[in-house]
Structure formats: structure tokens, C-alpha cells
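First comes the structure, then the notes that go with it.
The values are calculated or read from the model by the stated rules, or taken from the named source; none is laboratory data. Everything numeric here is computed off the predicted structure, so don't read it as measured data. We place every Cβ from the backbone using ideal geometry, glycine too, and count neighbours over all the protein chains shown. Only protein heavy atoms, including side chains, enter the accessible area calculation; ligands, DNA and RNA are left aside. Shrake-Rupley method; radii C 1.70, N 1.55, O 1.52, S 1.80 Å.
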Amino acid sequence: MSVPQGKLPLPKLAEMKERGERIVMVTAYDAPGARFAEDAGIDIILVGDTAAMVVLGHEGTTVPVTMDEMIFLTRTVARAAKRPIVIGDMPFGSYQVSDEAAVENAIRFVKEAGADAVKLEGAGPSLSRVKAIVGAGIPVMGHVGLTPQSATMLGGFKTQGKTAEAALRLVDDARALEAAGCFAVVLEAVPAPVAAVITETLSVPTIGIGAGLECDGQVLVYHDLLGLSEGHLPRFVKRYANLSREIRDALEHYAADVRSGDFPEEQHTYEMPADELDAFERASRSPSRSSASDQARNASSSTTKAQLPDPRSEPPLRKTSSP
């Protein structure tokens, strides 16, 4: 498809909301994923802390991923993504301690990793972090509802805002994040009617993940939508491919070909000019070359033997402590 050239300006997202144009966001963690997203016309790439689970192999939690790991992953994505807005997901521990630490780590995402913006979870204590980071000139995306970094406190990976009181808190939290300076807010695992009210209330875009159709945009995890992840998946995931099966089949086929001798075939090998091959074969069979090779091997063997200790020599005397 034809994609406009140049980086998508951040204010365009608000204009898209005004026009009713859906915003498309996806996670990515490496250069190939970023290039695929670019080619598909994706608007926003989130280098998510979900990397902890889908890339780094941690079971059921995003908490272990570090700032250095997130900087590395974000840098690879930013290097490859030209048009999409690249957002670095601030990992657990990178902004909870203080406003100053939050700003320092957000600056790292921009200076070291080349991110266009950062995302952090929650409202409450996070509001001052948002204000501080935005005050430093770095755009911030908010995130309410199911916030995986605090899933334990929320009682696990569960839908949020299912009671009227809890739903009203989500509306208030989203409004507070907008007031603090967020340019967009992710709504995760929120009942669709609640997400619709939040979307109507805010002037900034909402990005839904398990929050219904009325959000201004949607986001899914790269590995989930492509069928690269296996096992239990959240209700909100839609698979658009089953690449895990295709990859496994390809690897099994490769292994079988290697073991049977069916790979490599002639078209997978390199040739040399016939006259050079003839010269090479004659030279490799010449007696003088064989003699030279033997001399080289003998010299190497003699050197090795010379370095070995004489088995007949006495061990050196060592000073011992008094009994």
C-alpha cells in the first residue's frame, strides 16, 4: 500500500480523532518487526514492556524487563521505523521512585534509543511523573484499566471497571492523565461502555486493547496477532496468522533435509572457474605440497613437545610453613 513519507506528526493523532479516523498501533521489538509495521502503514509502534514475556522468556509478567533492555529494543525499532511514531514503554521501576528518576529515564528513551515518546502506567502517583516528563519536553502516553506492572495489586490480569464505582474512577483517572499532559491514553481490559464514555469525554485519543470498538484506535501485541505466541491468550486477542506452526514446520523440514543429505543442493553451493579448479586440484595433489604440509605438522608437533614439562625433572622446592 502507499504510505505517506516522513514521520507522522504527533498532533495528527488528535486530528485523526476529530475526523473519526481510526488509529492503528502495534507492538514491535526489533528492526524486522518495525519494517513490517512500516510497510503495513501502522501509525504507532509501541516497544512494549511485554518484551519481558514475548521476547525475553519471562513467564506471565512484564516486571523483570530492565531499562537497559528496553533502551536496546527501542533503539533497534527506532532505527528501522521512519513514519510510525515510536513509543518507549517505561518498565517497572523506571518511574515509580521519583519525578526526577522518571524524567532521567524518559530522557534516556529519547537520547539513547531515539523514541518519539514514552508510555507509563496508571494515574494517582503517576500524574506527577507525567507532568514532570511532559515539562521536560517529552510526550507521554497514559495507560489505565488493566495495568500489567501492578497486576498483582489488581488481583491478576482481570477486567477493570466492572462496577459503577470502579468505572467512574477510570473515567476520572483518564481525565486526570489528559490534564497532566498525556497526548493519548491506552484503555486496557475495560468494559466497552466505559471505554466509550472515556473516549467521548477526552479530547485526546484513546487506544483500546480489550476495550471495545468505540476507542479512537486499537493496539495488539505483535506476537499475539501473528500467532507467534502460544498457550492461553486474553479474550481480546484476534489472531491474523499462525506463524508459530509455520516456523516449526520449516525448522523440522530443514533439520530433516540436513540429516538426509537433501540440503544443500547444487543450487545452494558456489563454483569456481574450471581452469582454476584444475590448477587447485593438481596443486593439492603435488608431492612437494604434501611434503611441505608434513614439515609444517612436524614443526608444530615439535613446538608443542618443547613446551611440555620434562616428566623426568624434579618438582621445584616450595617453602612450607612451620609445623
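Please give the net charge around Ala256, taking every other residue with its beta carbon less than 13 angstrom from that of Ala256, where Lys and Arg add +1 and Asp and Glu add -1.
-2
What accessible area per residue, rounded to a whole number of Å², is obtained for the stretch 1-111 using a probe radius of 1.4 Å?
Working: 5200 Å² over 111 residues.
Accessible area per residue: 47 Å².
How big is the accessible area of His253 in square angstrom, nearest 10, if you roll a 1.4 angstrom probe over the protein chains?
Rounded to the nearest 10, that gives 110 Å².
For the stretch 201-269, what's the relative contact order in percent, using C-alpha pairs closer than 8 Å and at least 6 residues apart? Write down the numbers at each step before the final one.
Details: 53 pairs, mean separation 13.1, N = 69.
This gives 19 percent for the stretch 201-269.
Could you give me D for the stretch 18-138, from Stokes-Einstein at 10 °C and 1.306 mPa s, where the hydrodynamic radius is the Kirkwood radius over C-alpha pairs? Units µm² s⁻¹, please.
Details: Rh = 14.5 Å.
The calculation lands on 109 µm²/s.
Expressed as a whole percentage, what fraction of the accessible surface of the stretch 12-51 belongs to carbon and sulfur atoms when a 1.4 Å probe is rolled over the protein heavy atoms? Working shown, then result.
Numbers: 890 of 1620 Å².
Exposed carbon and sulfur together represent 55 percent of the surface.
Amide H of Ile23 versus every other amide H placed in the peptide plane: which residues, excluding those fewer than 5 positions away on the same chain, fall under 5 Å?
The answer is Gly217, Gln218.
With r as the distance between the Cβ atoms of Asp275 and Leu233 and R0 = 56 Å, compute the FRET efficiency 1/(1 + (r/R0)^6) and round to 0.05.
0.40
For the stretch 191-278, which whole percent of the accessible surface, found with a 1.4 angstrom probe, sits on carbon and sulfur atoms?
Details: 3280 of 5880 Å².
C and S fraction of accessible area: 56 percent.
Counting Lys +1, Arg +1, Asp -1, Glu -1, what net charge surrounds Thr27 among other residues with beta carbon under 12 Å of its beta carbon? Spell out each step's value before the answer.
Numbers: positive: Lys119; negative: Asp30, Asp49, Asp89, Asp224.
Within the 12 Å Cβ shell, the charges total -3.
Local charge sum around Val197 (other residues, Cβ-Cβ under 12 Å, Lys/Arg +1, Asp/Glu -1)?
My count for the surroundings of Val197 gives -2.
Measuring with a 1.4 Å probe in the full set of protein chains, what accessible area per residue, in whole Å², belongs to the stretch 128-226?
Details: 4020 Å² over 99 residues.
That works out to 41 Å² per residue.
What accessible surface, in Å², does a 1.4 Å probe find on Asp68, ignoring ligands, DNA and RNA and rounding to the nearest 10?
100
Per-residue HN-Hα couplings for the stretch 256-267, Karplus 6.51 cos²θ - 1.76 cosθ + 1.60 at θ = phi - 60°, whole Hz, x for Gly and Pro?
For the stretch 256-267, the Karplus-derived couplings read 5, 5, 5, 5, 8, x, 7, 9, x, 8, 4, 6 Hz, x marking Gly and Pro.
With a 10 Å radius around each residue's Cβ, average the other Cβ atoms per peptide and rank 192-205, 229-242, highest first. Show your work: numbers first, answer last.
Working: 192-205: 18.8, 229-242: 12.0.
Descending mean neighbour count gives 192-205, 229-242.
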